[in-house]
Amino acid sequence: MSNLSFDAFTKKIHIKAPMKKLYWCWGTTEGITSWFLRNAVYSEKDGRQRDSSEAIAAGDTYIWEWHNWDGQEKGMVLQANGTDFLELSFAGVSKVSITLEDKGNAVLVSLRQYEIPTDEESRLNIHHGCSNGWTFWLANLKAYLEHGILLNETEFDLRNIPLAGFEFVNM
């Protein structure tokens, strides 16, 4: 347990899908809104908005909007190699990296969120909240790519339920 701490966590899942498709799911507006977000806007350094099918690149900024949450996540693409690695600023104070490893009949998706502040509020909202959230969203990605179904809630409006993000498992 000495490797566990509140300043970082890692989530992993094997997904039976081509590496190129998995990278598309993370690295394009079209891809990331197919299984994860209600809306995503990526803009280049000069402010030009990327087309929905265009791959993101280091230096891009992003605005993400989820189903069932009225807020926005704003950040920067720190790295994007076009094949098997992306890194983003996230939650205003931390970073998220996604690494894809070919395992023959599946791809190992490893998501690491790190540089999380360790004050009590960040432990609850970022470490606990994001750790739970990423667990669900990685399972949703697997369900989408392997079985063609989405598990996230889009039928019921949960935005006016104060603790919805902590209580509903499919948000």
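The values are calculated or read from the model by the stated rules, or taken from the named source; none is laboratory data. Quick caveat, the model's predicted, so the values are computed rather than measured. Please note: Cβ atoms are built from the backbone with ideal geometry, for glycine as well, and neighbour counts cover all protein chains shown. Ligands, DNA and RNA are stripped out before the accessible areas are found, and what is left, the full protein with its side chains, is counted by its heavy atoms. Shrake-Rupley method; radii C 1.70, N 1.55, O 1.52, S 1.80 Å.
At-a-glance table
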item	result
Subset of the range 21-46 [open to solvent by 30 Å² or more (accessible area, probe 1.4 Å) and either closer than 22 Å to Trp66 by Cα or not acidic (Asp, Glu) (or both)]	Lys21, Trp24, Glu30, Thr33, Arg38, Asn39, Val41, Glu44, Lys45
Neighbours by Cβ (under 7 Å, 6+ apart or cross-chain): first from the range 61-87, touching a residue at least 40 places away in the same chain (Cβ under 8 Å); second loosely packed, with under 15 Cβ neighbours inside 10 Å and of a type in the set (Ser, Thr, Tyr)	His67/Thr154
In the range 47-57, the residues that are among the hydrophobic types (A, V, I, L, M, F, W, C) and open to solvent by less than 50 Å² (accessible area, probe 1.4 Å)	Ile56, Ala57
Residue in the range 12-20 that is within 12 Å of the chain's Cα centre (by Cα), modelled with pLDDT of 95 or more, buried (at least 19 other Cβ atoms within 10 Å of the Cβ) and among the aliphatic types (A, V, I, L, M) present	no
Odd one out for Glu101 among (1) more than 15 Å from Lys11 (Cα to Cα); (2) more than 15 Å from the chain's Cα centre (by Cα)	(1)
